[in-house]
Structure formats: structure tokens, C-alpha cells
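> What follows is a single structure, and I will ask about it in a moment.
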Amino acid sequence: MKTLEGFLIASPGARFVLVAARFNEMIVGRLIEGAHDALVRHGVSTDDITLVRVPGAWELSWAVRKVAESGKADAIVALGAVVRGATPHFDYVAGEAASGVSAASAATGVIVTNGVLTTDTFEQAIDRAGGKVGNKGADAALAALELVSLRAVLGS
């Protein structure tokens with residue numbers, strides 16, 4: 001069986017855009033650091049990484065779509081943190097962030113990975129932003145890096 005897959009090696013000149021929410025900055029800042037570090041460690045030039053900030057996770061979808069439509073990104077990494085509270089607000093924001101980011105990728109064909117944390121507690125978010133469970137920002141960035149090289153393998 002022939003297997004086609006991407007690699008965790010930077011494609012020369014590939015451009016990555018991190019679209020990150022400012023809300024829950026203590027968490028999202030760590031996701032940004034993890035994503036940036038992962039890309040640089042795997043050979044992406046800092047000149048090929050752009051950070052776009054939005055107010056919160058709800059606004060990620062719009063910004064991801066605009067960046068994708070601009071043609072200035074080979075891959076986009078969406079970063080945010082939605083922590084469950086005492087109201088249904090969590091469900092609406094988390095759901096819109098996930099579906100909107102996915103829809104932007106589907107509509108434009110640009111690679112978009114989801115590094116938006118959706119946790120029950122702030123402690124769980126900390127654990128996933130460089131704590132006990134690793135850094136999901138780094139994981140999302142590495143997925144983007146792998147997909148950029150897979151696109152080349154697939155010839156698209």
C-alpha cells in the first residue's frame with residue numbers, strides 16, 4: 001500500500017498566520033508562544049509568521065476567513081481559549097469558533113488548524129497551554145506545518 005503524508009519540515013517560503021484571541025490572554029499568550037516556537041524549531045523563518053489579534057474566540061472565524069481570502073497565508077492557526085462558565089454563553093462561543101474556522105477552510109481551500117481550547121475550568125486550560133497536557137498551540141502549528149508539506153506531496 002502506498003502511503004502519502006506530510007512532514008514536520010518547513011517548506012521554503014511557506015507563510016503561516018496565527019489568528020489569536022486576546023480574551024483569556026494568560027492562556028492564549030502561551031498558545032501563541034507554543035505555536036511560534038514549534039514553527040521556528042521546525043525551520044519556519046520568523047519573517048514567514050504573522051500574528052493577527054482579535055478580541056475573542058467569537059471573532060476568530062471572521063478574521064480567519066479574511067486572512068484566507070487574502071492569499072497571504074499557506075496555513076492559518078486559530079488560537080483561543082473558551083472556558084465554561086455558569087451560562088450557556090460557552091456553548092455558543094465554542095461552537096461558533098469551531099464551525100466558523102472549519103467553514104473558512106472549506107470555503108477557501110486554505111489550510112486552517114484549530115488551536116482553540118474549550119475547557120470546563122481555567123486549570124484545564126492552563127494544563128493545555130504549556131502545562132501537564134502539553135501545548136495545544138504547538139500541536140495546531142505542527143498540524144499546519146505537516147499539512148503544508150502534504151499539499152505539496154498531493155500536488156495541489
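Each value in this text was obtained by applying a stated rule to the coordinates, not by laboratory testing. Quantities reported herein were computed from a predicted structural model and do not represent experimental measurements. A quick note on method: Cβ atoms are made from the backbone with ideal geometry, for glycine too, and the neighbour counts reach across all protein chains shown.
> Restricting to region 106-156, give me the number of residues that are charged (D, E, K, R) and over 17 Å from Arg30 (Cβ atoms). Steps first, answer last, please.
The initial filter retains those residues of region 106-156 that are charged (D, E, K, R), namely 120, 123, 127-128, 132, 136, 139, 146, 151.
From what's left, over 17 Å from Arg30 (Cβ atoms): 120, 146, 151.
Total meeting the criteria: 3.
> Condition test on Asp47, is it closer than 23 Å to Ser11 by Cβ and surrounded by 15 or more Cβ atoms within 10 Å (Cβ to Cβ)?
Values: closer than 23 Å to Ser11 by Cβ: yes; surrounded by 15 or more Cβ atoms within 10 Å (Cβ to Cβ): no.
It is false that Asp47 is closer than 23 Å to Ser11 by Cβ and surrounded by 15 or more Cβ atoms within 10 Å (Cβ to Cβ).
> Being more than 25 Å from Tyr92 (Cβ to Cβ), in contact with a Leu (Cβ under 9 Å, 6 or more places away or on another chain) and assigned to a loop (DSSP other than H, G, I, E, B) is the filter here, so list the residues in region 8-42 that pass it.
If the condition is that a residue be more than 25 Å from Tyr92 (Cβ to Cβ), in contact with a Leu (Cβ under 9 Å, 6 or more places away or on another chain) and assigned to a loop (DSSP other than H, G, I, E, B), then Leu8, Ile9, Ala10, Ser11, Ala14, His42 are the ones that fit.
> Identify, please: which residue in region 58-80 is over 13 Å from the mean Cα position of the chain (by Cα) and of a type in the set (Asp, Glu) and is, among those, surrounded by the most Cβ atoms within 10 Å (Cβ to Cβ)?
Among residues in region 58-80 that are over 13 Å from the mean Cα position of the chain (by Cα) and of a type in the set (Asp, Glu), the one surrounded by the most Cβ atoms within 10 Å (Cβ to Cβ) is Glu59.
> Quick check on Ala20: is it under 14 Å from the mean Cα position of the chain (by Cα) and either in contact (Cβ under 8 Å) with a residue 60 or more places away in the chain or farther than 18 Å from Lys136 by Cα (or both)?
Against the criterion (under 14 Å from the mean Cα position of the chain (by Cα) and either in contact (Cβ under 8 Å) with a residue 60 or more places away in the chain or farther than 18 Å from Lys136 by Cα (or both)), Ala20 qualifies.
> What number of residues within region 81-93 are among the small types (Gly, Ala, Ser) and surrounded by fewer than 21 Cβ atoms within 10 Å (Cβ to Cβ)?
Adding up the residues that qualify gives 2.
> Go through region 64-90 and report how many residues are within 22 Å of Ala106 (Cβ to Cβ) and either in contact with a Ser or Thr (Cβ under 6 Å, 6 or more places away or on another chain) or of a type outside the set (A, V, I, L, M, F, W, C) (or both).
Narrowing region 64-90 to residues within 22 Å of Ala106 (Cβ to Cβ): 64-80, 82.
When the remaining residues are screened for being either in contact with a Ser or Thr (Cβ under 6 Å, 6 or more places away or on another chain) or of a type outside the set (A, V, I, L, M, F, W, C) (or both), the result is 65-66, 68-72, 74, 77, 80, 82.
Counting residues in region 64-90 that are within 22 Å of Ala106 (Cβ to Cβ) and either in contact with a Ser or Thr (Cβ under 6 Å, 6 or more places away or on another chain) or of a type outside the set (A, V, I, L, M, F, W, C) (or both) gives 11.
> Further, regarding this structure: Restricting region 115-130 to residues that are in a helix (DSSP H, G or I) and of a type in the set (A, V, I, L, M), which is farthest from Ala97 (Cα to Cα)?
In this case the residue turns out to be Ile126.
> Do we find that Leu117 is touching a His at 6+ places or on another chain (Cβ under 8 Å) and either touching a residue at least 24 places away in the same chain (Cβ under 8 Å) or not hydrophobic (A, V, I, L, M, F, W, C) (or both) in this structure?
No, not satisfied.
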